[in-house]
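Structure, as structure tokens:
The values are calculated or read from the model by the stated rules, or taken from the named source; none is laboratory data. These numbers come from a predicted model, not from an experiment. FYI the Cβ positions are ideal-geometry reconstructions off the backbone, even for glycines, and counts take in every protein chain you see.
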Amino acid sequence: MHRIRHQVTVLAIGALVLTACASPVTTETPGVPSPTPAASTASAAEPTPEPTAVSTPEPTATATPNPDDVPVYAAGAMLETHIGGLRVRARPGVNERVVTGLLPDGANLLAILGPILVDGYGWYLVSDSDANDPEFVEGWVAAGFDPDPFLVPTVFDIASNPYVAGFAHDANGEYGPVRLTNASYSIRWIAAPPTRDGCSFGVDLRRGSDASVPAIRATIGAAVAPGMLYSDFFVDHPELTGDIFVTVTSNCRWALTFVKSAE
């Protein structure tokens with residue numbers, strides 16, 4: 001993926017996330033309270049000294065990271081954790097259920113889907129590609145922000161990589177081409193409403209200058225919603241082979257990935 005505002009997968013959102021292991025970086029450091037003056041032990045005949053005023057430091061605000069600094073990795077990219085203690089969650093979001101224990105620094109992961117901005121962080125759906133504990137199948141991790149991201153590129157041995165291409169954005173867009181050689185593909189997707197009012201997510205596919213084929217139509221409520229377009233759709237539409245272009249019509253934050261089925 002390339003960081004292209006109206007095409008490929010840059011999430012230009014002013015808010016797609018917990019360090020997955022620490023508190024969000026957007027909070028303020030509380031001020032230090034003034035100490036309580038000690039009780040006077042002087043007799044009634046002696047004047048009670050006035051307590052010495054102690055100034056209270058102002059809270060120090062941490063700069064909000066720029067969403068454009070969320071690192072962008074292609075679907076199927078080989079990644080590793082750049083910090084220890086990263087949490088894996090069932091869905092993107094700082095309050096979502098934790099799937100597994102804390103990942104160590106240097107854990108190997110395979111990018112499936114993302115990034116999508118939720119709770120101020122960019123999230124990736126990843127699969128476990130590390131033989132060491134903790135073991136899990138897949139889950140969402142926060143990516144952090146450049147120049148010190150939580151996930152960085154790496155290289156490791158892998159038996160197969162079914163993730164063909166992926167895109168992500170927060171608005172309408174046209175993407176591709178994606179080369180589909182047969183009907184053995186599916187599309188995994190996720191959409192997040194920018195407000196509690198919900199949003200809509202639509203995807204059309206077409207080959208070259210052919211007519212578009214409606215593929216996904218979804219109305220998203222107040223919560224993040226994942227979905228799947230199964231390979232049966234491509235079996236029913238054999239015209240969708242070759243170089244396929246993707247048109248997304250959406251006011252959601254969204255991501256999608258083409259997945260090749262095992263043959």
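What the table shows:
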| item | result |
| --- | --- |
| Total residues in the range 193-207, condition more than 18 Å from His169 (Cβ to Cβ), in contact with a strand residue (DSSP E or B) (Cβ under 8 Å, 6 or more places away or on another chain) and either loosely packed, with under 10 Cβ neighbours inside 10 Å or β-branched (Val, Ile, Thr) (or both) | 0 |
| Any hit, the range 99-106, residues being surrounded by 20 or more Cβ atoms within 10 Å (Cβ to Cβ), touching a strand residue (DSSP E or B) at 6+ places or on another chain (Cβ under 9 Å) and in a strand (DSSP E or B) | yes |
| Lone unmet requirement of (1) within 17 Å of Ala75 (Cα to Cα); (2) part of a loop (DSSP other than H, G, I, E, B); (3) under 18 Å from the mean Cα position of the chain (by Cα) for Ala223 | (1) |
| Checklist (1) touching an Asp or Glu at 6+ places or on another chain (Cβ under 6 Å); (2) surrounded by 20 or more Cβ atoms within 10 Å (Cβ to Cβ) applied to Thr154, failing item | (2) |
| Hey, Gly84 surrounded by fewer than 17 Cβ atoms within 10 Å (Cβ to Cβ), modelled with pLDDT of 95 or more and out of contact with any Lys or Arg (no Cβ under 9 Å at 6 or more places or on another chain) or not | yes |
| When residues of the range 208-220 are limited to those that are in a loop (DSSP other than H, G, I, E, B) and out of contact with any Asp or Glu (no Cβ under 6 Å at 6 or more places or on another chain), the one surrounded by the fewest Cβ atoms within 10 Å (Cβ to Cβ) | Ser209 |
| Residue tally, condition in contact with a strand residue (DSSP E or B) (Cβ under 8 Å, 6 or more places away or on another chain) and of a type in the set (D, E, K, R), over the range 147-184 | 3 |
